[in-house]
Amino acid sequence: DPVGNIRYDPSLGGGATWDVGCYAFDVPLWAFGRAPERVRARFHSAGGAPVDTSGVATLEFGDGRVAQIDYGFDYGPCARYELQGTRGWIGVRNAWTGPDEECVITVVTDEGWREEVLPGADAYEHQAAAFAEAVRTGRAPLVSLDDSQRTARVGEALVEAARTGADVSL
C-alpha cells in the first residue's frame, strides 16, 4: 500500500529504481567491472504514484556488452538474474531474498550444466558483520566507496534517461 510507505515518497528518494532497481543494475556493474558507457531507461508510475513503480533499462558497456534489466513494485517478487556469454550462461534465482529461501545458481556451458543451492541468508546480518570486521581489522570493506559511487552515478543516469527520453552517456 503506497499510503505512508517511504518507498513511494519522492522526498525520501522513493521509487522502484532506487529501492529494487539498484540490485538489478548493480549486477552488470560487478560482472563487467565498470560503469556502462551509455544507458537508456523508461519508467512507469502505476495508479498515479508520485514515483516510478517499475522500469526497464539498457546499459551499454562497449565491445558488444549489453545489459537489459527490468524491475518494479508492479509485479510479484522476482529476485533473479541471468548473465549470458559466448560460452554459456549463469542464472541466479532468489538472489536477493531472505533467510527462508534458498539461492539457486545454474551454470550452463557447451560441456553441460550444473546447479548449486545455497542456504537462505539474512543479507543485512552479513552486511553488518562485514562492516564490523572491516572496522575491527582495518581491512578494506567488501564494497568500496568507489563501487557505491559508481552505482549511484548509474542510478542517476537512469533517472535522467527516463526523464528526458534520451540516452545518457557516463
**OP:** Being within 22 Å of Val143 (Cβ to Cβ), in a loop (DSSP other than H, G, I, E, B), touching a strand residue (DSSP E or B) at 6+ places or on another chain (Cβ under 9 Å) and at pLDDT below 95 narrows it down to one of Ala35, Ala79, so name that one.
**Re:** Ala79
Original post:
Which one is farthest from Pro36 (Cα to Cα), of the residues in the range 54-79 that are under 12 Å from the mean Cα position of the chain (by Cα) and surrounded by fewer than 16 Cβ atoms within 10 Å (Cβ to Cβ)?
Top reply: Cys78
Subject >> Among the candidates Val92, Val20, Val27, residue that is under 27 Å from Tyr124 (Cα atoms) and modelled with pLDDT under 95 >> reply: Val20
Original post:
Based on what the data block shows, is Asp26 surrounded by 15 or more Cβ atoms within 10 Å (Cβ to Cβ), among the charged types (D, E, K, R) and in a loop (DSSP other than H, G, I, E, B)?
Top reply: no
**OP:** Within the range 124-151, track down each residue that is among the small types (Gly, Ala, Ser) and either surrounded by fewer than 12 Cβ atoms within 10 Å (Cβ to Cβ) or at positive phi (or both).
**Re:** Ala128, Ala129, Ala132, Gly138, Ala140, Ser144
**OP:** Evaluate the following for Arg65: is it among the charged types (D, E, K, R) and under 30 Å from Ser45 (Cα atoms)?
**Re:** yes
Subject >> Positions within the range 34-54 being among the β-branched types (Val, Ile, Thr) and either without any contact (Cβ under 8 Å) to a residue 12 or more places away in the chain or touching an Asp or Glu at 6+ places or on another chain (Cβ under 6 Å) (or both), in sequence order >> reply: Thr53
Original post:
Which of the residues belonging to the range 95-128 are assigned to a loop (DSSP other than H, G, I, E, B) and touching a Leu at 6+ places or on another chain (Cβ under 9 Å)?
Top reply: Glu102
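The values are calculated or read from the model by the stated rules, or taken from the named source; none is laboratory data. Owing to the predicted nature of the structure, the values given are computational and were not obtained by experimental measurement. Note that each Cβ is placed from the backbone with ideal geometry, even for glycine, and that neighbours are counted across all protein chains shown.
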